[in-house]
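Q: Before I ask anything, let me first share the structure, which is written out below as structure tokens.
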Amino acid sequence: MENCVFCKIVSGEIPSPRVYEDEQMIVIKDIEPKAKLHYLCIPKKHFTYLSDMDEKKADVLKHCFQVIAEIKNDLGLYEGYRVIINQGKHGGQTVPHLHIHLLGGEPLKDF
Ligand code: AMP
Ligand code: ZN
């Protein structure tokens with residue numbers, strides 16, 4: 001997808017160190033962390049919205065959540081973490097490439 005910042009990170013056009021990578025997803029650190037630890041889990045394939053859910057996207061998300069559970073300790077998220085997907089304008093989505101926020105490393109405030 002042209003002009004998509006996360007596609008450019010996936011392709012390497014925009015350099016961003018990966019804390020995890022496999023054939024379907026990468027995990028990077030958020031450039032503007034909202035918690036002591038703030039990661040983004042980004043599917044390599046461009047999907048714009050969570051709300052356009054179909055079987056393919058569901059499979060990718062299933063993979064992401066399984067991997068997140070496996071690597072949580074390596075990411076320093078021993079004591080728990082918050083998972084956020086911002087969907088669309090009212091959800092606060094600023095990058096139109098489906099991604100999962102992982103926040104932790106400290107107790108998070110209620111919201
Ligand atoms: P959202 O608002 O849910 O679409 O989340 C987009 C997130 O991407 C924000 O938390 C941004 O700080 C983050 N972000 C944008 N550009 C980059 C980048 N080049 N590297 C890492 N994180 C980024
Ligand atoms: Zn994209």
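Q: What are the residues in the range 1-30 that are within 13 Å of ligand 2 (Cβ to nearest atom) and basic (Lys, Arg), if any?
A: Lys8
Q: Residue check: is Lys56 over 17 Å from Ile42 (Cβ atoms) and part of a helix (DSSP H, G or I)?
A: Numbers: over 17 Å from Ile42 (Cβ atoms): no; part of a helix (DSSP H, G or I): yes.
No, not satisfied.
Q: Between residues in the range 74-97 that are in contact (Cβ under 8 Å) with a residue 60 or more places away in the chain and assigned to a loop (DSSP other than H, G, I, E, B) and residues that are aliphatic (A, V, I, L, M) and within 16 Å of ligand 2 (Cβ to nearest atom), which pairs lie under 6 Å by C-beta distance while being six or more apart or on different chains?
A: Here the result reads Val95/Val5, each pair linking the range 74-97 to a residue that is aliphatic (A, V, I, L, M) and within 16 Å of ligand 2 (Cβ to nearest atom).
Q: Within the range 74-87, does at least one residue satisfy the condition of being more than 11 Å from ligand 1 (Cβ to nearest atom), among the β-branched types (Val, Ile, Thr) and surrounded by 16 or more Cβ atoms within 10 Å (Cβ to Cβ)?
A: no
Q: When Val67 is evaluated against the numbered criteria (1) under 12 Å from the mean Cα position of the chain (by Cα); (2) under 14 Å from Phe6 (Cβ atoms); (3) touching a residue at least 40 places away in the same chain (Cβ under 8 Å), which criterion, by number, is the only one it fails?
A: (2)
Q: Among (1) more than 15 Å from ligand 1 (Cβ to nearest atom); (2) without any contact (Cβ under 8 Å) to a residue 60 or more places away in the chain; (3) surrounded by fewer than 17 Cβ atoms within 10 Å (Cβ to Cβ), where does Glu106 come up short?
A: The single condition Glu106 does not satisfy is (2).
Q: While we're here: Only one of (1) free of Cβ contacts under 8 Å to residues at least 24 places away in the same chain; (2) surrounded by 12 or more Cβ atoms within 10 Å (Cβ to Cβ); (3) away from ligand 1 (no atom under 15 Å from the Cβ); (4) closer than 14 Å to Leu102 by Cβ fails for Pro33. Which number is that?
A: Pro33 satisfies all of (1) free of Cβ contacts under 8 Å to residues at least 24 places away in the same chain; (2) surrounded by 12 or more Cβ atoms within 10 Å (Cβ to Cβ); (3) away from ligand 1 (no atom under 15 Å from the Cβ); (4) closer than 14 Å to Leu102 by Cβ except (3).
Q: Determine whether the range 38-46 contains at least one residue that is of a type in the set (Phe, Trp, Tyr) and more than 18 Å from Pro107 (Cβ to Cβ).
A: no
Taken together, the values in this text are just the output of simple stated rules run on the coordinates, not laboratory data. Just so it is clear, the model here is predicted, and its values are computed rather than measured. We place every Cβ from the backbone using ideal geometry, glycine too, and count neighbours over all the protein chains shown.
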